[in-house]
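Data first, discussion second: the structure below is written as structure tokens.
Please treat every number below as a calculation from the coordinates, not as lab data. In this text, all values refer to a predicted model and were calculated from it rather than measured experimentally. A quick note on method: Cβ atoms are made from the backbone with ideal geometry, for glycine too, and the neighbour counts reach across all protein chains shown.
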Amino acid sequence: MSAHAVRPTPDAGFGGATFTGDVRFDGATFTKGARLDEVVVVNPAAAHVWPDGWRLAVTPAGTGRLIREETDSGPAEDA
């Protein structure tokens, strides 16, 4: 199946996954819960693009963590 094929899937889990190359979710649509708050970014200086409502915070260890941003109506809802 190509990366551009559209096929609904029930659940997808990437717990504990390590991606050593580019990871792309171009055109991905999440209709239910999408958890990004436990993502660890090893190279926060790279040209990453995050979904709207998320930003990268650099940790004291030099890695990055995704943080939900607040909106005009309060904290971002759980994605």
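Given R0 = 22 Å, the distance between the Cβ atoms of LEU56 and THR18 translates into a calculated FRET efficiency of 0.80.
Converting phi to 3J(HN,Hα) with the Karplus coefficients 6.51, -1.76 and 1.60 and the offset θ = phi - 60°, segment 32-38 yields 10, x, 10, 9, 10, 6, 10 Hz in sequence order, with x at every glycine or proline.
Amide H contacts under 5 Å for GLY53: none, restricted to partners 5 or more places along the chain or on a different chain, H placed in the peptide plane at 1.01 Å from N.
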